[in-house]
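J.: Okay, handing you the structure first.
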Amino acid sequence: MAKLYFYYASMNAGKSTNLLQADFNYRERGMNTMLFTAGIDDRFAHGTITSRIGLSATATPFDANTDLLACALDRHRTQALACVLVDEAQFLSAAQVDGLARLADAHGIPVLAYGLRTDFRGQLFEGSARLLALSDSLVEIKSVCTCGRKASMNLRVDAAGHAIAEGQQTEIGGNDRYVALCRRHFNEALGR
Ligand SMILES: Nc1ncnc2c1ncn2[C@@H]1O[C@H](COP(=O)(O)OP(=O)(O)O)[C@@H](O)[C@H]1O
Ligand SMILES: Cc1cn([C@H]2C[C@H](O)[C@@H](COP(=O)(O)O)O2)c(=O)[nH]c1=O
Ligand SMILES: [Zn+2]
């Protein structure tokens, strides 16, 4: 039975690298894959998954209106898909995650979703909440805080490096806007 996997982590933990390695692994064995990423994430190039380590691949951009299930089935009709990989999965809606679960259950196509668990306030993203609820397999990709503990939280900072506690959930940015920290140092930075 095909499964829905959720690989979750803080920022800068290696999610995109992991996704691109998994994709390469399928393709080097002659299998077809389909990649999705959030269209709003324009840090590198629209419709591209780029890892900080330098790997990149073209992906189908998704937004709130994208029917990922229909897109994948459309591709599957001409090119049998062995796997679907989704980066920035925190930006999916709950309904889009339900569609991905259906892709695995009704159509036998495994789905590997990669994303953040929580936002800069320590709250779940909608896509992550649904993935945590539905996935057959939850895999944490770990990275370290400056103190050596696991960096499970994402601190948002301003241009001067000061912690930000309030704001919109979605704000695209990289290492200049976010710092992955352990829970203790995350709370300390926010004066909690
Ligand atoms: N030149 C490099 N060599 C090895 N690792 C690197 C290099 N540059 C960045 N990294 C590591 O890659 C990881 C970030 O990978 P990335 O896939 O972009 O993360 P994510 O998608 O989780 O934000 C970090 O752990 C960082 O230390
Ligand atoms: C914590 C947090 C992150 N984001 C954005 C910032 C980035 O554009 C992506 C995550 O990128 P990654 O390096 O691939 O993990 O998400 C956000 O919009 N809101 C947040 O709270
Ligand atoms: Zn720490």
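The values are calculated or read from the model by the stated rules, or taken from the named source; none is laboratory data. Please read all numbers here as calculations on a predicted model, not as lab measurements. Neighbour counts are summed over all protein chains in view; Cβ atoms, including those assigned to glycine, are modelled from backbone coordinates with ideal geometry. Areas reflect the complete protein model, heavy atoms only, side chains present, ligands, DNA and RNA absent. Shrake-Rupley method; radii C 1.70, N 1.55, O 1.52, S 1.80 Å.
J.: Mark the label point 7 Å from the Cα of residue 29 along Cα→Cβ and return the residues of the range 57-96 whose backbone N is within less than 18 Å of it.
T.: 80-86
J.: Sticking with this one: Top to bottom by accessible area (1.4 Å), largest first, where do 58, 48 land?
T.: Descending accessible area places them as 58, 48.
J.: In 5 Å bins starting at zero, report the fraction of Cα pairs in the chain per bin as a rounded %.
T.: Answer for the chain: a P(r) of 1, 8, 16, 21, 20, 15, 9, 5, 3, 1, 0 percent.
J.: Quick check: pseudo-label points 7 Å beyond the Cα along Cα→Cβ at residue 144 and residue 183, how many nm apart are they?
T.: Placing both labels 7 Å along Cα→Cβ, they lie 2.1 nm apart.
J.: Which residue fluctuates most in the GNM of the chain (Cα springs below 10 Å): 62, 91, 44?
T.: Taking springs between Cα atoms under 10 Å, the residue moving most is 44.
J.: Treat each spin label as a single point 7 Å out from the Cα along the C-beta direction, and report the residue 123 to residue 169 distance in nm.
T.: About 0.7 nm, to one decimal.
J.: Also, I was wondering about something else. Percent of accessible area on the range 1-146 owned by carbon and sulfur, 1.4 Å probe?
T.: It is 48 percent, rounded to a whole number.
J.: Still on this model: Relative contact order for the chain: what is it in percent, counting Cα pairs under 8 Å that are at least 6 residues apart?
T.: Relative CO of the chain lands at 28 percent.
J.: Leaving out ligands and nucleic acids, note down the accessible area per residue over the chain with a 1.4 angstrom probe, in whole Å².
T.: Accessible surface, normalised per residue, equals 50 Å².
J.: So, one more: Given the peptides 112-122, 141-151, arrange them by the average over their residues of other C-beta atoms within 10 Å, most packed first.
T.: For the peptides 112-122, 141-151, the packing ranking is 112-122, 141-151.
J.: Also: Sort by residue number and report every cysteine in the chain with no other cysteine beta carbon within a distance under 4.7 Å.
T.: For the chain, the answer is 71, 83, 147, because their Cβ atoms have no other cysteine Cβ under 4.7 Å.
J.: Restricting to DSSP H runs of at least four residues, report the calculated mean residue ellipticity at 222 nm for the chain, -39500 (n - 2.57) per run over all residues, nearest 500 deg cm²/dmol.
T.: Estimated from H runs of four or more residues: -8500 deg cm²/dmol.
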